[in-house]
Amino acid sequence: MATLLLVRHGRTTANSSGVLAGWAPGVHLDDKGKEQAAALARRIAEVPLAAVVSSPLDRCRETAAEIAAAREGTKLALDAGVQVDDRVGECRYGDWTGQELKKLVKDPLWPVVQNHPSGAVFPGEGGEALRDTQARAVEAVRDWNARIEAEHGPDAQYLVCSHGDVIKAIVADALGMHLDLFQRIMVDPCSLTVVNYGRMRPFVARLNDTGGAVTGLIPAAKRRRRGKSAATDDAVVGGGAGAP
């Protein structure tokens, strides 16, 4: 099936000040975040993308807009611009939204979030369970996988710009990890994570990449055999030689 590029938004004023932004309005990329988004956009400008999907929150939309703008006027320009999907929006942190992290570490819920996140439900109006965040995000990815493959074929790639905990939850699902282990995964601002979704299993091709070459994501001349993709769902025993 399709290949998913997961991008976390660039750094924000909330990130730099140690505040949990959640769904609070008006959280934008800071100057460093804008630089990160522009650098990532340039780095992946030659990677074909069938779609760019964004969380509805400003910091993601701004990052995704940079990615789309970098390919405007080229043969890799997006047909539909940036598309928004609420299901890849940030976890709804309830009363934790807008709070300083140095204060939240003293909350009795903090060790639950750290060690048993599948049991964590954020307090207050609109507070969400982390397991529900994962469920909606994974559902969104599976829906987009099917849509992208149906419209563009099994070798298509698309990008989703989302948030740290959301991306970690998607990666945990792809790795077959329990949500209680997802805090072991790191996702930095404007990092690139790539998941190839096969018929039998997903493959996590790169994780938290903040500066590596992306030539492996640019397709070589497509090889076809009897009308089928040359890709395989089998894992390479011994690890293989890597991307060309």
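The values are calculated or read from the model by the stated rules, or taken from the named source; none is laboratory data. What you are looking at is a predicted structure, and each value in this text was computed from that prediction instead of being measured. Glycine gets a Cβ as well: all are built from the backbone with ideal geometry, and neighbour counts include every protein chain shown. SASA here: full protein model, heavy atoms, side chains in, ligands and nucleic acids out. Shrake-Rupley method; radii C 1.70, N 1.55, O 1.52, S 1.80 Å.
Annotations for the structure displayed:
- Annotation: I185 carries an accessible surface of approximately 10 Å², with a 1.4 Å probe and no ligand, DNA or RNA atoms counted.
- Computed over the alpha-carbon atoms, region 40-113 gives an Rg to Rh ratio of 1.17, Rh here being the Kirkwood radius from the mean inverse distance.
- Modelled label reach - L104, point 7 Å along Cα→Cβ, region 24-51 residues with backbone N closer than 13 Å: 24
- Cβ-derived FRET efficiency at R0 35 Å, A135 paired with E72, nearest 0.05: 0.50
- Note on the chain: with charges restricted to the Cβ of Lys and Arg (+1) and Asp and Glu (-1), its dipole about the Cα centre is near 920 debye.
- Percent of C-alpha pairs per 10 Å bin, the chain, short to long: 7, 32, 36, 19, 6, 1, 0
- Note on region 66-124: dipole from Cβ charges, positive end direction compared against L101, I67, P111; the farthest Cα belongs to P111.
- For K106, K168, the ranking by accessible surface with the largest value first comes to K106, K168, using a 1.4 Å probe.
- Taken over the chain, lysine pairs spaced eight or more positions apart, or on distinct chains, with alpha carbons under 26 Å apart number 11.
- Translational diffusion coefficient (Stokes-Einstein; Kirkwood radius from C-alpha pairs) of region 1-136 at 20 °C, 1.002 mPa s, in µm²/s: 131
- With all protein chains in place and a 1.4 Å probe, the accessible surface of region 119-201 carries 49 percent carbon and sulfur.
- Local electrostatic count, R59, Cβ distance below 13 Å [Lys/Arg +1, Asp/Glu -1]: 0
- The heavy atoms of H28 offer some 80 square angstrom of accessible surface to a 1.4 angstrom probe.
- Ranked from largest to smallest solvent-accessible area, with a 1.4 Å probe on the protein heavy atoms, R71, R131 come out as R131, R71.
- Rounded Å value of the spacing that divides the Cα centres of region 59-126 and region 3-23: 6
- For region 1-82, a crude dipole built from +1 on the beta carbon of Lys and Arg and -1 on the beta carbon of Asp and Glu, taken about the Cα centre, is about 160 debye to the nearest 20.
- At least 27 Å along the helix axis (C-alpha) and Kyte average at least -1.0, DSSP helices within the chain: 130-152
- Theoretical FRET efficiency, 1/(1+(r/R0)^6), r = Cβ-Cβ of T215 and E125, R0 51 Å, to 0.05: 0.60
- The residues of the chain expose, per residue, 50 Å² of accessible area to a 1.4 Å probe.
- Summed residue charge, Cβ within 14 Å of A24's Cβ, Lys/Arg positive, Asp/Glu negative: -3
- The calculated P(r) of region 113-212, using every Cα pair and 5 Å bins from 0, goes 2, 12, 22, 23, 19, 13, 6, 3, 0 in percent.
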